[in-house]
1. Just reorder V503, V206, V563 by solvent-accessible area, largest first, 1.4 Å probe, all chains present.
2. Roughly how far apart, in whole Å, are the Cα centres of segment 467-492 and segment 561-590?
3. Could you state how much accessible area R680 has, in square angstrom rounded to the nearest 10, with a 1.4 Å probe and all protein chains kept in place?
4. Compute the long axis of helix 243-262 from its Cα atoms, compare it with the longest principal axis of the Cα atoms of the chain, and write down the angle in degrees, 0 to 90, nearest 10.
5. Subtracting the Cα-Cα distance from 0.36 nm times the residue separation, let me have the gained length for Q605 to S232 in nm, one decimal.
6. Compute the orientation-averaged projected area for segment 519-661 from the convex hull of its Cα atoms and round it to one decimal in nm².
7. Can you grab the distance from the C-alpha centre of segment 48-80 to the C-alpha centre of segment 166-226, Å, no decimals?
8. Among the listed pairs K34/K79; K138/K453; K79/K464, which have their C-alpha atoms separated by more than 30 angstrom in this model?
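The values are calculated or read from the model by the stated rules, or taken from the named source; none is laboratory data. On a predicted model such as this, the values are computed, not experimentally measured, just so you know. Cβ atoms come from the backbone with ideal geometry, glycine included; neighbour counts cover every protein chain shown. Ligands, DNA and RNA are stripped out before the accessible areas are found, and what is left, the full protein with its side chains, is counted by its heavy atoms. Shrake-Rupley method; radii C 1.70, N 1.55, O 1.52, S 1.80 Å.
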Amino acid sequence: MLSLLLSAALASALPTLPPMQDDVTWQDRHARIKRQADGGYLLDGSFGQRRIPAPTRAVESASALFDGLFAMAQDDLAKDSVTAIRDDAFDHGRPIACVCFETGAQWHYVWTRDLAYAIDLGLWRFDPLRARNGLRFKLSGVRGDKEATALYPMQDTGSGGSWPVSTDRVVWFLGARHLLDESAFAQATYTALIATLAQDRQYAFVPRMGLYRGETSFLDWRQQSYPAWTASNVVPIADSFALSTNVLHYQALRLAATLAARHRVQTRAAEYTRQATALRAAINARFWRADRGLYASYIDADGTPVNSYDLLGIALAIDSGVATGARARAALANYPSWPAGSPVIWPERADQPIYHNRAIWPFVSAYALRAARRLDDPARIAHEIDSILRGAALAGSNMENYELLSQRIHVEDGKLSGPVVDSPRQLWSVAAALMAVEEGVFGLQADGRIEPKLPVSLLPMLFKDRPDIRLHLPGRMIILQRPAGFDPARDDRNLLVAGDIHVEAAVTTVQLRPVRVPEVAIRIAAPFSAPAAPAAPQLRVVRDGIAVSAAGRWVAYLNGRRVGTFDSRTVLPWRKGRACVHLARPGEHGLESLPSPSVCVGDVQAVAGTWPRHWQAPASGDYRVWLQYDNPHGPINTGITAAVNWLHIDCDDTPPQRMVLVLPHSAGTQASTRGHFHARAGSRCRFTLEPGFNMSQLANFAHYTGGAGGIDGVVNDARVKALMITALPSESQQP
């Protein structure tokens, strides 16, 4: 079934669909909406029937479907507006008082990234009290330190025991930046921002890369977007760098510079500006793949881009100004879509079920819409609006996600069936639907300006024969007037922007003006999936180098550098030192699979014994260091007890050096994240280990009852075994 659908999707361009006036038909499904006498709506579809009450914010357009779906999103939001939240992993599942938003029909708790993205997409306008309360709920001091004033956003339970395996908690500030009109909250935000940036600079920033380590934001089901073998070992994720997470840090640094200037701390503002500028340059230098015209979703510890791309990371890069000009336009144009909408990752994983893989997520589509508006891309603007509205209409609610080709909430495909999890009235999907109307169509900006960028292709749906469309907000009305005498059938202008703007009392009237912008075709005929990652290679040291054996045809990477494509076996040139090899499988149109596990050969020294441990450098140069350890405090996929340690190194005639080593939850003994240090020949080096910081030390996690590090107290511990040291290859030793 999938292959037939896929062939049809690849063989055609985006279909020309009739305008969604009162109904929508998609493949074999249909939904119709009717206006009711009381100002509400009645939606009929294959899901059944849903009565939608009259909304507090109303749209008047030619499309009952458009107007009714805006009302439905508000009804979904009302259902998500609660006075208590609960989750089985907190307070033993008992209700926790909170006048805030819950995450969805199946998710009755508040999570940092879900809430922050939803607020940033516009929920701050709808209920600022609940938005602030939810963000406050995710802000915490440190346990047992009554004098400390620092506050930190909570990195929710996750991969390998949470932060700093995942480091996208800074998304909290993306939402908070819209709610700073309340002084107490503004002060808490500034306090938390300063503390969080300082902590992440210590624990997640890698100066030699100029980037912050950590998992991709939101894409936290590891084997959906990372190699499948990371299901049992997340250390390579903790050691890697993600586009989305680094863009979020860039935005946090920019906000910090702005707030520091407001507080008249000019030296601090200047330093944040310097850090943001440097981070933006590093993102563009490290993640951009000129061969693809795309930003890689993540790169490994050696800086090697992985053949994986994600729409949220690219959209955030464009919207934040990290990606500009020709690169921004290329990145959005080269990221493929399908008739139903845009996938959150590409290429898809042929061996994984539908969830992040092979799926549309409306909130990510909303960020793609925002990026398309920034680039004046009418085709993509219309495509994302259509996708968001169509999915909600056919499902009867703003769902968490949809299967990519059918836009269904479930597709039967054996062990690959899915979406595996899906929830009605998912908060960030609700926010996406509201954003598609207020920002996507009417152009309402965060500062209150009206900046419409309306594709001419949406005129038949929204206007039909009407002279204007209207958005009724509390205390304000926005009117968009159709361009007089404009006939799309005879005019090649393709985007409607603001012409004359007239403000009278609480009414803003915008005369739309047609303009011609370059038409960028949506990439619709891209390869669907990449090959599955190969198994780990077999290595053997021989006279001329390293003999590598693996089944089939594969691409070899030696110490992070691509060597070439080979069949079955080859000998890679290598002289001395440590050599690590991973493979990828070549695929259609030059796409490569995700990487295999890395296998290493060569000199490595194990330093055991009591701490402090001692070692003598055999030669001058740079060395890599890590720990063999076991962390049994939780499963690989969740928890808050990733162990975090500082390794201090004192070598003769060399300034003291220190680095963070992360020891996530493990399934037995494995290697930690890695650090680098320098030593001179013959130097005696002294190594000491001391605990760092992890999420179990946040006071609010005392409510965590789903595992270690919660109600029973702080846990930042692992069974540390050998200290491992190997020389880094010099440039002359690289292939």
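1. Details: V503 95, V206 20, V563 55 Å².
My answer, sorted largest first, is V503, V563, V206.
2. 58 Å
3. My reading of the accessible area for R680 is about 120 Å².
4. Once rounded, one gets 80 degrees.
5. Values: separation 373, 0.36 × 373 = 134.28 nm, distance 2.54 nm.
Roughly 131.7 nm would be gained on extension.
6. Values: hull surface 59.5 nm².
Over every viewing direction, the Cα hull of segment 519-661 projects on average to 14.9 nm².
7. Cα centres, segment 48-80 to segment 166-226: 34 Å.
8. Details: K34/K79 22 Å; K138/K453 35 Å; K79/K464 33 Å.
With Cα atoms farther than 30 Å apart: K138/K453; K79/K464.
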